[in-house]
Amino acid sequence: MKGYPKYKNCGVDWLGNIPEHWQMSKLKWVLKIKNGESVNTLFDD
């Protein structure tokens, strides 16, 4: 598997380094979850 050219520390201990061009965001700013749904139901086909 080919890696990325540069990595950066993401600030999350258990995650470690991520590719330099990736952005960190809180999940609540990326997904809109309706009351009573779980994240798994959002990705079901």
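The values are calculated or read from the model by the stated rules, or taken from the named source; none is laboratory data. Computed from a prediction, not measured in an experiment: that's the story for all the values here. Glycine gets a Cβ as well: all are built from the backbone with ideal geometry, and neighbour counts include every protein chain shown.
Here Asn9 clears all of (1) surrounded by 10 or more Cβ atoms within 10 Å (Cβ to Cβ); (2) at pLDDT below 90 except the condition numbered (2). Residues that are surrounded by 10 or more Cβ atoms within 10 Å (Cβ to Cβ) and at pLDDT 80 or above were ranked within the stretch 22-33; the one that is farthest from Gly3 (Cα to Cα) is Met24. The one condition from (1) modelled with pLDDT of 90 or more; (2) surrounded by 10 or more Cβ atoms within 10 Å (Cβ to Cβ); (3) among the hydrophobic types (A, V, I, L, M, F, W, C) that Trp14 does not meet is (2).
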